[in-house]
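Worksheet: one structure, shown below.
A short reminder: the numbers here are calculations on the coordinates, not readings from a lab. Not measured: the values here are computed from a predicted model. Cβ sites come from the backbone with ideal geometry, for glycine too, and all protein chains shown count toward neighbours.
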């Protein structure tokens, strides 16, 4: 009996970085293990990015190689297509079948809204949007942004990592759309929960600054970048007298302050260029200390990071800025939220005083809330509610 087919649209080729590669793998392998015929398709046409130069790439060779390397970790390494918009060439073993894949897919999962859906995507049975970054789109929809509405409404079912959004506990504006809560799935066996080394530092991986995506709602600017948050809390590890290591690329002007506060900096390209190096970096810490984007925090969205979820799965406690995720996740041991510099230092001291207890709780939280099988099954149950309507739309769209 033929298995239902799911096309996962992502952006790990556009952004060949380990965090995005792991995010894609958790969905791809997780769905295949639940019995689906899974393909990865990256056909957005977005120009490829070169992390080493922190700029757009002039050729897509390393981007294609990254997709190939990630897919080699699956049980279906031939099931992928990448569209190189620079050369207008489709790469991947399944490229000759792309039209057939569009026409025979039962579902399309658009991770992070990576792809602007086009007519050829309309053949899919159910078109699923997985919003990994809540906030800006809700604001745009409430403001009457027609392009945002068209982009979102091209999907049949909408999921968001902002778990407080669907139930009205977030201050984000209503959008007249039905959103369903979800969270990052994690393949637990890929993240061994070994005891942290006695001298291991706290750590994090990420971007210091993101440009061009701020939004204004009710006269207040909502920041998409973490720059201000890092600046507000970077002394917390020193306050708590704990070691801190970060794979970040801050501006030169910020480096002296970070070093004075005791931070050790690693090249994020070195850490994120390979999936195993990234995982080793996570395992080499005693836990994560990090911040969140202003738009997540101020809106009380309930958002939680897929990177932080892998720290938890590795038995590495997480101390992170409060987005009101405590409404849906168990906090206090293994996962600690803070709002002030003093609160951050207190949380770090708590973890450092009993790392073993917090480490065990961290893994338990991952098993309870982020196990890929549980997360994806819940999503599939929701998608089933939309199947009949989507099939009618699919039949109507055929000539």
Going by a ≥ b ≥ c, the root eigenvalues of the Cα gyration tensor, does the range 188-370 fall in the rounded group (a/c under 1.5), the prolate group (a/b larger than b/c) or the oblate group? rounded
Run the helix sum for the chain: -39,500 (n - 2.57) per DSSP H stretch of 4+ residues, divided by residue count, reported at 222 nm to the nearest 500 deg cm²/dmol. -10000 deg cm²/dmol
So, relative contact order of the chain in percent, Cα under 8 Å, 6 or more apart, is 16
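Taking the beta-carbon count within 10 Å as an exposure proxy, list 371, 354, 199, 294 from fewest neighbours to most.
Working: 371 17, 354 13, 199 7, 294 21.
Arranged by neighbour count, lowest to highest, 371, 354, 199, 294 become 199, 354, 371, 294.
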Report relative contact order for the range 55-155 in percent, whole number only (criteria: Cα-Cα under 8 Å, sequence separation at least 6). 17
Mean Cβ neighbour count within 10 Å, used as a protection proxy, ranking 68-74, 134-140 highest first: 134-140, 68-74
Across 344, 46, 61, the residue with the highest GNM fluctuation in the chain (Cα network, 10 Å cutoff) is 61
Can you give me the angle between helix 341-353 and the longest principal axis of the chain, using Cα atoms only, in degrees from 0 to 90, rounded to the nearest 10? 80
Given the C-alpha centroids of the range 149-182 and the range 89-111, what is the distance between them in whole angstrom? 27
Checked the range 73-197 with the C-alpha gyration tensor, a ≥ b ≥ c its square-rooted eigenvalues, rounded below a/c of 1.5, otherwise prolate if a/b is larger than b/c and oblate if not; verdict oblate
By how many degrees, between 0 and 90 and to the nearest 10, does the Cα long axis of helix 355-365 differ from the longest principal axis of the chain? 20
Count the DSSP beta bridges whose two residues both fall in the chain, then state the antiparallel fraction as a percent rounded to the nearest 5. 15
Determine the principal axes of the Cα atoms in the chain, then give the extent along each, sorted from largest to smallest and rounded to whole angstroms. 67, 43, 40
Is the shape of the range 131-234 best called rounded, prolate or oblate, per the rule: a/c under 1.5 gives rounded, else a/b larger than b/c gives prolate, else oblate, with a ≥ b ≥ c the square roots of the Cα gyration tensor eigenvalues? oblate
